[in-house]
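*Asks:* Structure incoming, see below.
The values are calculated or read from the model by the stated rules, or taken from the named source; none is laboratory data. Bear in mind that the values here come from a model prediction, so they are computed numbers and not experimental data. Here the Cβ positions follow ideal geometry from the backbone for every residue, glycine too, while neighbour counts run over all protein chains shown.
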Amino acid sequence: MSRAILVIGQSHVAAVRAAARARREADPDRTRTRVIHTIEPQYAPEVEGEGDAARFAPALVDTIRDQIDRHAPLVASASGGNVHNGFALIRHPRPYDFLLSDEDGPPLDPAAEPVTEALVRATLEAGLERDRIRLREIRRIAGEGVVQLESPPPLADGAIIAAQADAYFRNRGIAELGVAPAGLRYKIWRLHSRIVAGYCADLGLRFLPAPAEARDAQGFLRPDFAGDATHGNRAYGEAVIRALEAL
Amino acid sequence: MSDHPYRSLPDSAYWRRAVAGQGPAIDPLGGGFLTLGREEKVATAGSCFAQHIARYLKRSGFAFLVTETAHPIVPADAAERHGYGMFSARYGNIYTARQLLQLFDRAYGAFVPAEDIWDAAGGGGRVVDPFRPTIEPQGYAGEAELRADRAHHLAKVREMFETLDIFIFTLGLTEGWESVEDGAVFPICPGVSGGRFDPARHRFRNFRVGEVTADMAAFIARLRGVNPGARIILTVSPVPLVATASGNHVLAATTYSKSVLRAAAQEIAEDHDGVFYFPSYEMIMGAPAAARYFAEDLRNVTEEGVSHVMSVFLRHAAGVDLPAPPAGPAFETPDATLAAAREWVQVMCDEALLDPGADGGDRGDETA
C-alpha cells in the first residue's frame, strides 16, 4: 500500500509514532505515517462546548484538515482506549467482577461482588462521553473511511503492570491496592471494545481489532508488545501500521 | 347518671371530637407506638408505598438500612434504574405476605422454587428473575449472571434480616399468582414482564385474612429466630389495585383486598409483641382526606399525602416535626392535582405493568 496514514488520538498514538519514526529513519522515502496527539498543548482546549454542540478546538480541526488536504491519508483514530483502565487496572477495595455476554471469557471470581454486565456497561459509557465526542468529531472532519483502532489488550501479568505503571496509577495507590485480577481486566477491555465498536457502527466507522500477533493465546497483550502498563510499544505500533496498510 | 366505659375514653375514641371538622391532615394514631432512635437501623420492604417511607427516613437523617448497595463504580442514575436504594435490599416490590415469607425462606435456603428463571419479555436470550422481574430493566444477560446476582442478593437479604432493628413492611395486595408445582408466589403474573403464562402451571390466589396472618406469623417467628430483638411496623398500602383477576369489579376487589390486609395487620399487631400497626392507610383513604391525597386517577398518592403520613409517623416515632403539608383547598383543581402528581418521586411498581397504558409502563409515577 502506498497511501499515507494519519492516526489521530491521545496516549495510544505514541506506539504508532515510535514505529513511524523507526520506519522513516530506516527508509526516508517510504510512505509516511503521521500522528496527531489531540491533547498536546497547541490544541488546548481539545474540545469546546458541551454535549451535541461539542467540537474540536479550531487549531486541532485546522491541523487535521491540513494533513488530509496535503497527504490524502487513510485516517485512523486511536482516540480513547483508556477508560477501562481507569476502572479496572487497580484492584478495587470492594472487589467486583462480571460475566461477558455473547462470548467466552474468564469465569466469575467467587471472592468478588458480582455486578451485571449492564451496570458495568453503564459505568463505562458514563466515562466514554469524551471519547464519543472525539469519534464524532473525527468522523465529521475526516468523513467516511475513518478506521477506529481497538485499544491494546491488557497484560496478563499483574507484576509487569505494577512495575511499569505510570504516575497516574502510582498516585492512585497501585502499589498498596495491587493490580486487579487479569480476568476482570480482560473482560472490561472486551466490553469497552464492544461499546466503542458500537459507537463506530453508529457513525459509519470501521473498527479494527488489536493486531493478532500482539496477543497471546488467551487474548492478552504479549509483554514484548507492551510499552508500559497500559500502552503498546514500537513493535505494537508497527503491527498496527501493517494492519492499516493491509486494509 | 350511671358510669360506663365510654365516659373515660380519650377524645381520639370519639368520631365527633377526633375526626369531624379536623380536616384532611388528621392524626389517627392512638395507643402506643414504638420509639425510633436515630441510630436504630430501619429496613423497609413491601409495595411501592414503602419506598416513600425509605425516602423520608433518609431525608430526615435516620439510619435507613441498605445492605445491598450498588458498587461504587456504578453511576447513581444507573444504580437507581437497577433498583438500588429503593428498599433495604434489591428485592423490588413485595406485595403479599406470602412473598415476604418465601423471600425469607429463599434467603436461608429453606425454599428453592422450581420455576426460578424466566425468559425476558424482550427476548434476545436475556432472562429475568421471576421474584423481582423488573430489577434489571433489560433482564440479565444470561442464566449464570442471574444466578450470581441472586446469590449475592440473598446474602444481602440475610444480612438485612440479621442486622436490622426495625422492619417496616407495607402490605400491598392479596391477589397474586403462584406456581402450581410448589406454591412459589410471583410479584407479577407470569407473562406480564417476562416468563410465559401457562394455566396448567400458574394459578391465581386471593389470600384470605387467615392466610395473611399465618404467613406473617411465620415470618415474624423466622425473623426473630435470626434477630430476636427485631421490631416490626406494619402499614397497609392505600393504593388501589391496578387490575383484578378475581372476577369482581376492581373497586370491590380493592375493597376486599385492603380490608383483608387491614384486618390482618390489626390481628398480627395484637398477637405479637414488638409489632405495631401504623395507620397510613387511614390517613390517605379515610373520609377526612376526601380523596384529596389521590391524584386525578384516584389511585396514585400525591407527595402531599406522603408528606402528611410521614410527618405523623416521625412525630410519634421520633418526636420529629416535618414541615406541615402545604395549605390548600380541600379539593384542588385537576391541573393542580396533576402538578402535584408530577412532584412524585419515581418509584418502582411492578403491578403497573398489568395496565401499562394507564401508567406509562413499568416505572410510572405511582405508589402501591
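*Asks:* Quick one: B:Val180 ticks every box in (1) in contact with a helix residue (DSSP H, G or I) (Cβ under 6 Å, 6 or more places away or on another chain); (2) free of Cβ contacts under 8 Å to residues at least 24 places away in the same chain; (3) of a type in the set (Val, Ile, Thr) except a single one, so which number is it?
*Replies:* With (1) in contact with a helix residue (DSSP H, G or I) (Cβ under 6 Å, 6 or more places away or on another chain); (2) free of Cβ contacts under 8 Å to residues at least 24 places away in the same chain; (3) of a type in the set (Val, Ile, Thr) applied to B:Val180, the lone miss is (1).
*Asks:* What number goes with the only condition from (1) away from every other protein chain (no Cβ under 14 Å); (2) in contact with a Gly (Cβ under 7 Å, 6 or more places away or on another chain); (3) without any contact (Cβ under 8 Å) to a residue 60 or more places away in the chain that A:Ala53 does not pass?
*Replies:* Of (1) away from every other protein chain (no Cβ under 14 Å); (2) in contact with a Gly (Cβ under 7 Å, 6 or more places away or on another chain); (3) without any contact (Cβ under 8 Å) to a residue 60 or more places away in the chain, only one is false for A:Ala53: (2).
*Asks:* Mind checking whether some residue in the stretch A:82-105 is in contact (Cβ under 8 Å) with a residue 12 or more places away in the chain and among the basic types (Lys, Arg)?
*Replies:* yes
*Asks:* Follow-up. Residues A:Arg130, A:Arg139: which one is touching a helix residue (DSSP H, G or I) at 6+ places or on another chain (Cβ under 6 Å), charged (D, E, K, R) and either assigned to a helix (DSSP H, G or I) or in contact (Cβ under 8 Å) with a residue 40 or more places away in the chain (or both)? Talk me through it step by step, then tell me what you get.
*Replies:* Details: A:Arg130 fails: touching a helix residue (DSSP H, G or I) at 6+ places or on another chain (Cβ under 6 Å).
Step by step, each of A:Arg130, A:Arg139 is checked, and only A:Arg139 is touching a helix residue (DSSP H, G or I) at 6+ places or on another chain (Cβ under 6 Å), charged (D, E, K, R) and either assigned to a helix (DSSP H, G or I) or in contact (Cβ under 8 Å) with a residue 40 or more places away in the chain (or both).
*Asks:* How about the stretch A:68-119: which of its residues are within 29 Å of A:Arg30 (Cβ to Cβ), of a type outside the set (A, V, I, L, M, F, W, C) and not in a strand (DSSP E or B)? If you could, list the steps in order and put the result at the bottom.
*Replies:* Within the stretch A:68-119, the subset within 29 Å of A:Arg30 (Cβ to Cβ) is A:68-81.
From what's left, of a type outside the set (A, V, I, L, M, F, W, C): A:69-71, A:73, A:77, A:79-81.
Selection gives A:Asp69, A:Arg70, A:His71, A:Pro73, A:Ser79, A:Gly80, A:Gly81.
*Asks:* Go through the stretch B:117-135 and count every residue that is in contact with a Leu (Cβ under 9 Å, 6 or more places away or on another chain) and either touching a residue at least 60 places away in the same chain (Cβ under 8 Å) or closer than 23 Å to B:Phe169 by Cα (or both). Talk me through it step by step, then tell me what you get.
*Replies:* Initial filter on the stretch B:117-135 (in contact with a Leu (Cβ under 9 Å, 6 or more places away or on another chain)): B:117, B:127-129, B:131, B:133-134.
Subsequent filtering for residues that are either touching a residue at least 60 places away in the same chain (Cβ under 8 Å) or closer than 23 Å to B:Phe169 by Cα (or both) retains B:127-129, B:131, B:133-134.
Final tally of qualifying residues: 6.
*Asks:* Okay, next question. Please verify whether B:Thr67 is in a loop (DSSP other than H, G, I, E, B), surrounded by fewer than 22 Cβ atoms within 10 Å (Cβ to Cβ), touching a Ser or Thr at 6+ places or on another chain (Cβ under 9 Å) and of a type in the set (S, T, N, Q), treating the condition exactly as stated. Steps first, please.
*Replies:* Numbers: in a loop (DSSP other than H, G, I, E, B): yes; surrounded by fewer than 22 Cβ atoms within 10 Å (Cβ to Cβ): yes; touching a Ser or Thr at 6+ places or on another chain (Cβ under 9 Å): yes; of a type in the set (S, T, N, Q): yes.
So B:Thr67 passes the test.
*Asks:* Search the stretch A:195-223 for residues being among the charged types (D, E, K, R) and within 29 Å of A:Ser2 (Cβ to Cβ), and hand back the single one that is surrounded by the most Cβ atoms within 10 Å (Cβ to Cβ). Break it down stepwise before answering.
*Replies:* First, the residues of the stretch A:195-223 that are among the charged types (D, E, K, R): A:202, A:206, A:213, A:215-216, A:222.
Those still in the list that are within 29 Å of A:Ser2 (Cβ to Cβ) too: A:206, A:213, A:215.
Values: A:Arg206: 14, A:Glu213: 13, A:Arg215: 17.
Within the stretch A:195-223, the match that is surrounded by the most Cβ atoms within 10 Å (Cβ to Cβ) is A:Arg215.
*Asks:* Return yes or no: is A:Gly198 on the phi > 0 side of the Ramachandran plot and away from chain B (no Cβ under 14 Å)?
*Replies:* On the way: on the phi > 0 side of the Ramachandran plot: no; away from chain B (no Cβ under 14 Å): yes.
When the stated conditions are applied, A:Gly198 does not pass them.
*Asks:* Could you check the stretch A:144-164 and list, in sequence order, the residues that are in contact with a Lys or Arg (Cβ under 7 Å, 6 or more places away or on another chain) and of a type in the set (A, V, I, L, M)?
*Replies:* Answer for the stretch A:144-164, where residues must be in contact with a Lys or Arg (Cβ under 7 Å, 6 or more places away or on another chain) and of a type in the set (A, V, I, L, M): A:Val146, A:Val147.
*Asks:* Tell me, please, whether a residue that is under 30 Å from A:Glu113 (Cα atoms) and surrounded by fewer than 22 Cβ atoms within 10 Å (Cβ to Cβ) can be found in the stretch A:227-244.
*Replies:* Here is the first cut: in the stretch A:227-244, the ones under 30 Å from A:Glu113 (Cα atoms) are A:228-231.
If we keep only those that are surrounded by fewer than 22 Cβ atoms within 10 Å (Cβ to Cβ) as well, we get A:228.
For the stretch A:227-244, residues under 30 Å from A:Glu113 (Cα atoms) and surrounded by fewer than 22 Cβ atoms within 10 Å (Cβ to Cβ): present.
*Asks:* Now a separate question. Filter the stretch B:272-301 down to the residues that are under 20 Å from B:Leu251 (Cβ atoms) and among the β-branched types (Val, Ile, Thr), then identify the one that is modelled with the lowest pLDDT. Even if it seems obvious, please write down each step before you answer.
*Replies:* Let us first name the residues in the stretch B:272-301 that are under 20 Å from B:Leu251 (Cβ atoms), namely B:281-282, B:284-287, B:289-301.
If we keep only those that are among the β-branched types (Val, Ile, Thr) too, we end up with B:284, B:301.
Values: B:Ile284: 92, B:Val301: 84.
Among those residues, the one meeting the criterion is B:Val301.
*Asks:* Filter the stretch A:98-132 down to residues that are closer than 18 Å to B:Arg126 by Cβ and of a type in the set (Ser, Thr, Tyr) and give me whichever is farthest from the other protein chains (Cβ to nearest Cβ).
*Replies:* Looking at the filtered set, the residue picked out is A:Thr116.
*Asks:* Looking at B:Ala89, B:Ala114, which is the one that is surrounded by fewer than 20 Cβ atoms within 10 Å (Cβ to Cβ) and either within 14 Å of chain A (Cβ to nearest Cβ) or touching a residue at least 12 places away in the same chain (Cβ under 8 Å) (or both)? Walk me through how you get there before you give the answer.
*Replies:* On the way: B:Ala89 fails: surrounded by fewer than 20 Cβ atoms within 10 Å (Cβ to Cβ).
Exactly one of B:Ala89, B:Ala114 is surrounded by fewer than 20 Cβ atoms within 10 Å (Cβ to Cβ) and either within 14 Å of chain A (Cβ to nearest Cβ) or touching a residue at least 12 places away in the same chain (Cβ under 8 Å) (or both), namely B:Ala114.
*Asks:* Additional query: Looking only at the stretch B:253-301, which residues are closer than 16 Å to B:Asp215 by Cβ and either in contact (Cβ under 8 Å) with a residue 60 or more places away in the chain or part of a loop (DSSP other than H, G, I, E, B) (or both)? Can you show your working first?
*Replies:* We begin by selecting, within the stretch B:253-301, every residue closer than 16 Å to B:Asp215 by Cβ; these are B:257, B:260-269, B:271-272, B:275.
Residues satisfying the conditions are B:Ser257, B:Val260, B:Leu261, B:Ala264, B:Ala265, B:His272.
*Asks:* Somewhere in the stretch A:180-190, is a residue free of Cβ contacts under 8 Å to residues at least 12 places away in the same chain and either touching a helix residue (DSSP H, G or I) at 6+ places or on another chain (Cβ under 9 Å) or surrounded by 22 or more Cβ atoms within 10 Å (Cβ to Cβ) (or both)? Walk me through it before giving the result.
*Replies:* At the first step, the residues of the stretch A:180-190 found to be free of Cβ contacts under 8 Å to residues at least 12 places away in the same chain are none.
No, the stretch A:180-190 contains no residue that is free of Cβ contacts under 8 Å to residues at least 12 places away in the same chain and either touching a helix residue (DSSP H, G or I) at 6+ places or on another chain (Cβ under 9 Å) or surrounded by 22 or more Cβ atoms within 10 Å (Cβ to Cβ) (or both).
*Asks:* Another one. Working only within the stretch A:1-47, note down all residues that are assigned to a helix (DSSP H, G or I) and touching a residue at least 24 places away in the same chain (Cβ under 8 Å).
*Replies:* Narrowing the stretch A:1-47 to residues assigned to a helix (DSSP H, G or I): A:13-26, A:41-43.
Listed by number, the residues that qualify are A:Val13, A:Ala14, A:Ala15, A:Val16, A:Arg17, A:Ala18, A:Ala19, A:Ala20, A:Ala22, A:Arg23.
*Asks:* Additional query: Considering only the stretch B:133-145, how many residues are surrounded by fewer than 23 Cβ atoms within 10 Å (Cβ to Cβ) and either more than 8 Å from chain A (Cβ to nearest Cβ) or of a type in the set (Lys, Arg) (or both)? Working first, answer last.
*Replies:* Quick first cut of the stretch B:133-145, residues surrounded by fewer than 23 Cβ atoms within 10 Å (Cβ to Cβ) only: B:137-138, B:142-144.
The next check asks that each one be either more than 8 Å from chain A (Cβ to nearest Cβ) or of a type in the set (Lys, Arg) (or both); those that pass are B:143.
So the answer is 1.
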